[in-house]
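Notes for the one structure printed next.
The values are calculated or read from the model by the stated rules, or taken from the named source; none is laboratory data. Computed from a prediction, not measured in an experiment: that's the story for all the values here. All Cβ positions, glycine included, derive from the backbone under ideal geometry; neighbour counts span all protein chains shown. With ligands, DNA and RNA removed, areas are computed over all heavy atoms of the protein, side chains included. Shrake-Rupley method; radii C 1.70, N 1.55, O 1.52, S 1.80 Å.
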Amino acid sequence: MKICVLPGDGIGPEIIAEAVRVLRALDLDCDLTEALLGGCAVDVTGDPYPEETQRLAQDADAVLLGAVGGPQWDGLPRDQRPERGLLGIRKQLGLFANLRPAIVYPELADASTLKSEVVAGLDLLIVRELTGDIYFGQPRGIETREVDGHRERFGFNTMHYSESEIRRILRVAFEAARRRRGKLCSVDKMNVLETTQLWRDVANETAVDYPDVELSHMLVDNAAMQLVRNPRQFDVIVTGNMFGDILSDEAAQLTGSIGMLPSASLDADGKGLYEPCHGSAPDIAGLGVANPLATILSVAMMLRYTFAREGAALRIENAVEKVLAQGYRTADICQPGTRKVGTRAMGDAVLAAL
Ligand code: NAD
């Protein structure tokens with residue numbers, strides 16, 4: 001297992017250190033190499049995604065990333081910003097499938113802004129297409145044009161998907177549903193957008209290969225509503241880049257605990273980039289209080305999706321559940337009557353539970 005580790009900026013190095021300790025404790029045969037990405041890479045090399053990092057990331061089976069960015073780099077030219085490094089690595093590795101689970105642990109149900117009886121026990125997975133759709137479609141731009149007899153500024157973007165792009169993300173989603181509760185909801189806007197009519201057609205065609213998975217369809221406006229009305233009806237949701245961008249943030253907010261949410265971005269061969277959903281949290285960087293659980297759970301996703309080590313993934317997830325049941329909490333999820341701990345002590349608790 002060749003793993004490229006990119007701690008990044010802000011709290012990145014602190015949370016990655018705990019995730020790496022957990023990974024090493026499993027005693028698997030892994031080869032870890034650390035490299036620079038984001039602001040720390042700009043400081044050393046002038047480039048947010050330096051060549052050495054590119055080489056190591058391309059050579060690895062999986063990439064484990066902390067987070068990038070911070071106010072000290074906000075004033076740099078666009079091509080030197082830390083986020084450029086993130087976009088660069090996603091693009092170069094061809095990561096077209098983004099998997100974001102939203103899980104509400106029973107002990108943390110009060111952290112949600114929704115009533116705990118609506119979200120307690122929630123366990124859904126959003127599979128978002130990451131490299132196509134209106135975010136990348138050409139032509140795009142802002143031009144001055146003749147509109148109704150006068151000239152004015154005109155903005156335009158193009159939504160498109162090819163059949164093969166749709167089929168490959170659908171396959172990832174069907175496979176994921178097969179490993180879970182066997183239910184897949186495909187989200188589109190087929191009543192208005194031809195691109196998503198094609199999406200629905202291809203979803204139905206692909207379903208023939210997965211008779212063990214129950215496929216349903218939902219319009220995106222209804223999906224946005226159902227996610228806050230009755231989110232537990234979902235197992236796996238699959239959708240395009242733009243709808244997925246919005247729905248995955250909505251689903252994250254259902255949990256109320258951004259420090260708990262892992263994510264995976266996969267290529268066509270199962271190589272993946274694994275990272276927490278949150279950013280580099282510059283406001284708490286260096287204080288030793290960041291929640292490392294999202295990053296530790298990202299290691300579990302890596303073992304499941306890239307290395308097919310379901311047993312090892314479950315060991316990590318069970319250990320996290322156990323530390324929550326034991327009452328350990330970092331500041332972001334702390335409630336009265338629980339045991340407040342810092343980043344390192346939370347890592348220690350997970351290791352003890354393992
Ligand atoms: P953020 O997720 O970093 O922080 C939002 C809030 O959540 C902050 O109050 C922070 O302290 C808290 N928080 C986040 N993760 C936490 C954790 N593990 N434990 C405890 N508290 C946590 O989002 P932001 O403040 O909008 O962005 C900060 C920087 O991160 C920016 O430079 C932004 O560009 C970058 N960013 C990077 C990524 C990424 O690397 N994938 C994603 C989002 C934002």
Selection within region 306-318 - more than 14 Å from Met260 (Cβ to Cβ) and buried (at least 17 other Cβ atoms within 10 Å of the Cβ): Thr306, Phe307, Arg309, Ala312, Ala313, Arg315
Could you give every pair whose Cβ atoms fall below 6 Å, whose first residue belongs to region 160-181 and is more than 17 Å from Leu125 (Cβ to Cβ), and whose second residue is of a type in the set (Phe, Trp, Tyr), counting only separations of at least 6 or pairs across chains? Ile166/Trp199
Restrict the check to region 324-331 and report whether at least one residue is open to solvent by less than 40 Å² (accessible area, probe 1.4 Å) and farther than 24 Å from Pro7 by Cα. yes
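Suppose we filter region 56-81 for residues that are within 14 Å of the ligand (Cβ to nearest atom) and of a type in the set (S, T, N, Q); how many remain? Full working, then the answer.
From region 56-81, those within 14 Å of the ligand (Cβ to nearest atom) are 63-76, 78, 80-81; that's our starting set.
Remaining after also requiring of a type in the set (S, T, N, Q): 72, 80.
So the count comes out to 2.
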Could you identify the single residue in Leu254, Leu227, Leu303, Leu219 that is away from the ligand (no atom under 12 Å from the Cβ), more than 19 Å from Tyr105 (Cβ to Cβ), assigned by TED's automatic domain parsing to the domain that holds Arg168 and not small (Gly, Ala, Ser)? Leu219
Check on Thr113, open to solvent by 60 Å² or more (accessible area, probe 1.4 Å), among the polar types (S, T, N, Q) and in a loop (DSSP other than H, G, I, E, B): yes
Of (1) within 26 Å of Ile134 (Cα to Cα); (2) out of contact with any Pro (no Cβ under 9 Å at 6 or more places or on another chain); (3) among the hydroxyl-bearing types (Ser, Thr, Tyr), Ser263 satisfies all except one. Which? (2)
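Can you name the residue in region 321-354 that is in contact with a Phe, Trp or Tyr (Cβ under 8 Å, 6 or more places away or on another chain) and in a helix (DSSP H, G or I) and, of all such residues, is farthest from the ligand (Cβ to nearest atom)?
If we filter region 321-354 for residues that are in contact with a Phe, Trp or Tyr (Cβ under 8 Å, 6 or more places away or on another chain), which is where we start, we get 321, 324, 338-339, 341, 345-346, 349.
Remaining after also requiring in a helix (DSSP H, G or I): 321, 324, 345-346, 349.
Working: Glu321: 18, Leu324: 14, Ala345: 14, Met346: 10, Ala349: 15 Å.
Looking at residues that are in contact with a Phe, Trp or Tyr (Cβ under 8 Å, 6 or more places away or on another chain) and in a helix (DSSP H, G or I), I get Glu321.
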So which pairs qualify, if the first residue must be in region 264-289 and assigned by TED's automatic domain parsing to the domain that holds Thr53 and touching a residue at least 24 places away in the same chain (Cβ under 8 Å), the second must be open to solvent by 40 Å² or more (accessible area, probe 1.4 Å) and near the ligand (Cβ under 6 Å from one of its atoms), the Cβ gap must be under 7 Å, and the two must be at least 6 apart or on different chains? Cys277/Ile258; His278/Ile258
Kindly establish whether Val63 is assigned by TED's automatic domain parsing to the domain that holds Val299, in contact with a Leu (Cβ under 8 Å, 6 or more places away or on another chain) and in contact (Cβ under 8 Å) with a residue 40 or more places away in the chain. yes
Filter region 258-281 down to the residues that are of a type in the set (Asp, Glu) and surrounded by fewer than 23 Cβ atoms within 10 Å (Cβ to Cβ), then identify the one that is nearest to Arg90 (Cα to Cα). Asp267
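Evaluate the following for Ala268: is it more than 12 Å from the ligand (Cβ to nearest atom), over 15 Å from the mean Cα position of the chain (by Cα) and in a loop (DSSP other than H, G, I, E, B)?
On the way: more than 12 Å from the ligand (Cβ to nearest atom): yes; over 15 Å from the mean Cα position of the chain (by Cα): yes; in a loop (DSSP other than H, G, I, E, B): yes.
Yes.
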Report, by residue number, each residue of region 59-72 that is open to solvent by 20 Å² or more (accessible area, probe 1.4 Å) and over 23 Å from Phe136 (Cα atoms). Asp59, Asp61, Pro71, Gln72
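Could you check, for region 28-40, whether at least one of its residues is aliphatic (A, V, I, L, M), in contact with a Phe, Trp or Tyr (Cβ under 7 Å, 6 or more places away or on another chain) and without any contact (Cβ under 8 Å) to a residue 60 or more places away in the chain?
The answer is yes; a qualifying residue exists.
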Out of Arg84, Arg100, Arg90, which single residue is within 13 Å of the ligand (Cβ to nearest atom) and open to solvent by less than 60 Å² (accessible area, probe 1.4 Å)? Arg100
Contacts under 6 angstrom Cβ, first residue in region 236-254 being within 16 Å of Leu170 (Cα to Cα), partner among the polar types (S, T, N, Q), 6 or more apart: Val238/Ser186
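Kindly provide the set of residues from region 282-293 that are within 20 Å of Cys40 (Cβ to Cβ) and surrounded by 24 or more Cβ atoms within 10 Å (Cβ to Cβ), ordered by number. Spell out the reasoning first.
Filtering region 282-293 for residues within 20 Å of Cys40 (Cβ to Cβ) gives 282-288, 290, 292.
Ala290, Pro292 - these are the residues of region 282-293 that are within 20 Å of Cys40 (Cβ to Cβ) and surrounded by 24 or more Cβ atoms within 10 Å (Cβ to Cβ).
Yes or no: Val220 within 14 Å of Cys185 (Cα to Cα), touching a residue at least 60 places away in the same chain (Cβ under 8 Å) and crowded, with 16+ Cβ neighbours inside 10 Å?
Values: within 14 Å of Cys185 (Cα to Cα): yes; touching a residue at least 60 places away in the same chain (Cβ under 8 Å): no; crowded, with 16+ Cβ neighbours inside 10 Å: yes.
When the stated conditions are applied, Val220 does not pass them.
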Pairs please, first residue from region 112-129 and more than 19 Å from Asp332 (Cα to Cα), second anywhere and part of a loop (DSSP other than H, G, I, E, B) and not acidic (Asp, Glu), Cβ atoms under 7 Å, 6+ apart in sequence or on different chains. Gly121/Val104; Leu122/Val104; Leu124/Phe234; Leu125/Arg180; Glu129/Phe96; Glu129/Gly240
